[in-house]
Amino acid sequence: MGLFGFGKKRAKKQAEEAVEESKDVEKSTEKSGQTSQTDRDEMAAEQDEAEQSGKGPWDSLNSEAPDTDEYLDIGALMLPFLKGSELRLKANSQTGDVLGATITYGSSSLELEPFAAPKSLGLWDEVRADLLKANPSCKEVDGVFGKELTLPVKVKGKNLLTRVVGVDGPRWMLRGIFSGPAAKGGKEKDVLDGYLADLVVVRGDEPLAPRDLVPMHAPITPNQRRGEAEDSESKDDESAQIPGRPEGPFDSDQQTEVKTTLSRGPMFSEVR
């Protein structure tokens, strides 16, 4: 009896141990599933980041950058053509230096400012932190170009919502300020987001301190660039025959193109 009774206890103990092992296996499987899900989430995040890295704005030295033959050249920025848009340049009244460009499309606008940045580190994280600290109403959100800000500003007595985007490139940071419907959503946002993604930044070799504006100049149209190239070739051929040949103005067609391209758009106050 005693042996039988011990056998029953042993059998019961073995059964209990089997149940515990089964629970341990279930916990291990559940934990493994959670780890796999975490790995998948991390892989998805890395994939999203990789996809984002293949988008513009582009550096002019990037082999994947768009062809800029038909872009408008304003120095630091090569601007794509957008049907129905208008360009207005912001300049220093004393020196005439170009300080920024504003693209107007429909009821929306996109203000562009290219800044010099450190070679090894991006600048947008630092600028974004400064804006958040200085503006209590500023909020950080995830956007098409990564972390961006929504910032209410007052223009002519009216409250206006803006969307501030920053993109870091090789030794430059491009800041874009969207206003109007493009700051919220809809077609105009999609169009101007696409415009910013197609833009090309020309940093140049000039030594600049971080946060200095990368130099810009008055627009040069594709026709003007082609005309300059032809004039340069003609000078090479004719300089020996015509000493001191004057350069002369562009022809009337080119002047008309500049005037059309620079048709006046609405003013947008700079966010500081």
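The values are calculated or read from the model by the stated rules, or taken from the named source; none is laboratory data. If you're wondering where the values come from, they're calculated on a predicted model, not measured in any experiment. For neighbour counting, all protein chains shown are included, and Cβ atoms are generated from backbone atoms with ideal geometry for every residue, glycine included.
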Given the condition among the β-branched types (Val, Ile, Thr), surrounded by 19 or more Cβ atoms within 10 Å (Cβ to Cβ) and either at pLDDT below 95 or over 14 Å from residue 110 (Cβ atoms) (or both), answer yes or no: does some residue in region 202-217 qualify? yes
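Can you pull out the residues in region 75-96 that are polar (S, T, N, Q) and in contact (Cβ under 8 Å) with a residue 12 or more places away in the chain?
Narrowing region 75-96 to residues polar (S, T, N, Q): 85, 92-95.
Passing the criteria: only 85.
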Just one listed residue, out of 72, 99, 61, is touching a helix residue (DSSP H, G or I) at 6+ places or on another chain (Cβ under 7 Å) and touching a residue at least 40 places away in the same chain (Cβ under 8 Å), and it is 72
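Give 126, 113 a once-over and let me know the one that is within 18 Å of residue 178 (Cβ to Cβ) and of a type in the set (Asp, Glu).
On the way: 126 fails: within 18 Å of residue 178 (Cβ to Cβ).
One residue alone meets the criteria, 113.
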Residue in region 145-152 that is among the aliphatic types (A, V, I, L, M) and either more than 20 Å from residue 105 (Cβ to Cβ) or modelled with pLDDT of 95 or more (or both) present
yes
Filtering region 51-103 down to residues that are part of a loop (DSSP other than H, G, I, E, B), buried (at least 19 other Cβ atoms within 10 Å of the Cβ) and modelled with pLDDT of 95 or more yields 57, 68, 71, 76, 80
Of the residues in region 218-252, those that are hydroxyl-bearing (Ser, Thr, Tyr) and either closer than 30 Å to residue 127 by Cβ or modelled with pLDDT under 55 (or both) come to 239, 252
